[in-house]
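The values are calculated or read from the model by the stated rules, or taken from the named source; none is laboratory data. Because the structure is a prediction, the values reported are computed rather than measured. Cβ sites come from the backbone with ideal geometry, for glycine too, and all protein chains shown count toward neighbours. Just so you know, the surface numbers come from the protein's heavy atoms only, side chains and all, with ligands and any DNA or RNA stripped out. Shrake-Rupley method; radii C 1.70, N 1.55, O 1.52, S 1.80 Å.
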Amino acid sequence: MNSQETLQSRAFIAALIAVTIGFFILLEPFYSAIFWAATLAVLFWPIHQKILRRMPGRTNLASVTTLLVCTLIVIIPLVLVGISLVQEVLSFYGRMTSGGNSFDQYLQQISDATPEWVWQWLNRFGLDGLDEVQQKMAEVATQALSVVYTRAVNIGQNTMQFAISFFLMMYLLFFCFRDGAHIMGHMRRAIPMQKDHLGNLANKFTSVVKATIKGNITVAAVQGSLGGLMFLALGIQGPMMWGVVMAFLSLLPAVGAGLVWGPVAIYLLATGSIVKGIIMIVVGVGVIGLVDNILRPILVGKETKMPDYLVLLSTLGGLSLFGLTGFVAGPVIAALFIAIWALFINRKEDREPVASPAKPPSQGH
């Protein structure tokens, strides 16, 4: 290749990179809609293939049918839960900040039932009495509630933006079902990587998305649902809100949902509701706590399961960077990071020459 051809090739590559970067910047406001459309397409692709086999040659009708199935199974229940959650958060915040039902009353009830030795133990840590404990606990609780309240208000105020993103996701999901195979074929031909490596990464992406949804989110949903039903049965205020909180905290190894029902059980025991407190502990440990150990190995294969600490870090990092989308995007990025480095190590080891065993020195005669 002469210098002129080399210059033209480099100019073409530079233009290709610049236009690609510009295109991704252009799509930045719609990343969430694109990501969720691709995620739902991966999850419902086997169902779409079954529907397509029953409707040969009718790809548009098959795509619309799969879209309706996805809407009935996933989207409508999530929307209903989201609306109820926002209403419950706003109502709970109003009750907790009103004068007649504040945190001080709950703390006073706990204080009246607290043994003297507990206060003596707290004195060693510089907490001299109820007033100081109330002040610190009230500050933490108020800040946490303010964050939750602000997020709920933002969701309510951004209804139009959410509606636009939702309909864009549904629109893209239809084309993912209809043209998904062709799009993936073009991407495989365009990306300068060996076909077997691309296939491995594509399979890893698919398996991780399914494992994250079926495993992490399903386990979180089950634990949150059980926790919410337990709170509802025991008459605890805000059962749906606390159920959602437990669902998110279920990503934390070992403790998880116990960070919610544990303090509530202590409060019930301290205020004299012994039976309710014992029931909450038994259900929390014996039912909610065992869901993760029973369901996750079934729903998530051993080949796709990441270490708990990596799931936790990638999920929290994803939530901080991408919002709710990071709940799935974080673990997917972490899994692809592991997969592509594993491919790199395998290629490096394959290229390294195998050292032949050393020959014993010849004996002179």
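Based on the Cβ-Cβ distance of Leu316 and Leu336, what FRET efficiency does E = 1/(1 + (r/R0)^6) give at R0 = 30 Å, to the nearest 0.05?
So the FRET efficiency works out to roughly 0.95.
The packing ranking of peptides 229-241, 54-66, 4-16, highest mean first, is 229-241, 54-66, 4-16, where packing means the average number of other beta carbon atoms within 10 angstrom of each residue.
Express in whole angstrom the spacing between the alpha-carbon centres of the stretch 1-80 and the stretch 179-250. Taking the Cα centre of each part, the stretch 1-80 and the stretch 179-250 sit 18 Å apart. Working from label points 7 Å from Cα in the Cα-to-Cβ sense, the Ala233 to Ile17 distance is 6.1 nm.
Once the Cα-Cα distance is subtracted from the 0.36 nm per residue extended length, the Ile83 to Ile278 segment shows a gain of 67.0 nm.
Taking only protein heavy atoms into account and a 1.4 Å probe, give the accessible area per residue of the stretch 1-70 in Å². Walk me through the numbers before you get to the answer.
Details: 4890 Å² over 70 residues.
Value returned for the stretch 1-70: 70 Å² of accessible area per residue.
With all pairs of different C-alpha atoms in the average, the Kirkwood value for the hydrodynamic radius of the stretch 31-84 is 12.0 Å. Full extension of the chain segment joining Thr271 with Glu349 gains 21.7 nm, where the gain is 0.36 nm per residue of separation less the Cα-Cα distance. The label point for Met193 and the one for Leu27, both projected 7 Å from the Cα toward the Cβ, are 1.5 nm apart.
Computed across the stretch 226-293, the Kirkwood hydrodynamic radius from all distinct Cα-Cα pairs reaches 11.7 Å. Ligands, DNA and RNA are left out, and with a 1.4 angstrom probe the accessible area of the stretch 154-291 is 53 Å² per residue. Working note: Cα atoms of the stretch 173-243, range along each principal axis, descending, whole Å: 59, 25, 13.
Between His182 and Leu61, what FRET efficiency follows from the Cβ-Cβ distance if R0 is 22 Å, with the result rounded to 0.05? Computed FRET efficiency for His182 and Leu61: 0.80.
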